[in-house]
1. Build a GNM of the chain with springs between Cα atoms under 10 Å: which of Ala56, Ala115, Ala34 gets the top mean-square fluctuation?
2. What is the sum of charges around Ala115, taking Lys and Arg as +1, Asp and Glu as -1, for the other residues whose C-beta is under 12 Å from the C-beta of Ala115?
3. Pop a pseudo-label 7 angstrom from the Cα along the beta-carbon direction at both Phe86 and Leu52 and give the gap in nm to one decimal.
4. With a cut-off of 8 Å between alpha carbons and a minimum separation of six or more residues, what is the relative contact order of the chain in percent?
5. Give me the aspartates and glutamates in straight-line cross-link reach of Lys76: C-alpha distance below 15 Å, same-chain residues under 8 apart excluded.
6. Given labels modelled 7 Å from the Cα in the Cβ direction, how far is it in nm from Cys8 to Leu109?
7. Label the chain by shape, choosing from rounded, prolate and oblate, from the square roots a ≥ b ≥ c of the eigenvalues of the Cα gyration tensor; if a/c is under 1.5 it is rounded, and otherwise prolate applies when a/b is larger than b/c, oblate when it is not.
Amino acid sequence: MEKEMLFCCAVALITAFSCLFLRESRLAALALLAALAGGALILLRILPHLQLLFAAFRAFAADCGLEGYYFTLVLKCIGIAYLAEFTAELCRDAAQGALALKVQLAGKLSVLLLALPLLAAVTATVAGLL
């Protein structure tokens, strides 16, 4: 994974300097495309490692005795949060700050709605203990 991190950092730095040069040359559209391409390259490079991460999460859930339904809910919430943040950052890169805020709000509301059954189960468990 260390090689992957070095690769991601190198791509990010090359992309950042390329975008800076392109913006200074009054080629803002190309700078945006370069930023998107750099981000996509990094994302494609780290995607295979997600399988290892999910396997570790499944092992953790099995060790803790978590039910599959609740574990899936937690993973979906994490996925939505990361997707919303990634999309919002892309919007900010495109100088669309207001759109980025709306994407973040939609992500937060989606996580909240998705987590309602989990919140209800925790509340019922705590009420049963009292």
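1. Ala56
2. My count for the surroundings of Ala115 gives +2.
3. 1.8
4. Worked out over the chain, it gives 18 percent.
5. Glu67, Glu85
6. Result: 3.0 nm between the two label points.
7. Judged from the Cα gyration tensor, the chain comes out oblate (a/c at least 1.5, b/c at or above a/b).
Read the figures in this text as sums done on the coordinates, not as results from a lab. Predicted model, so just to flag it, every value in this text is computed and none were measured. Methodologically, a virtual Cβ is constructed for each residue, glycine included, from the backbone with ideal geometry; neighbour enumeration extends over all protein chains shown.
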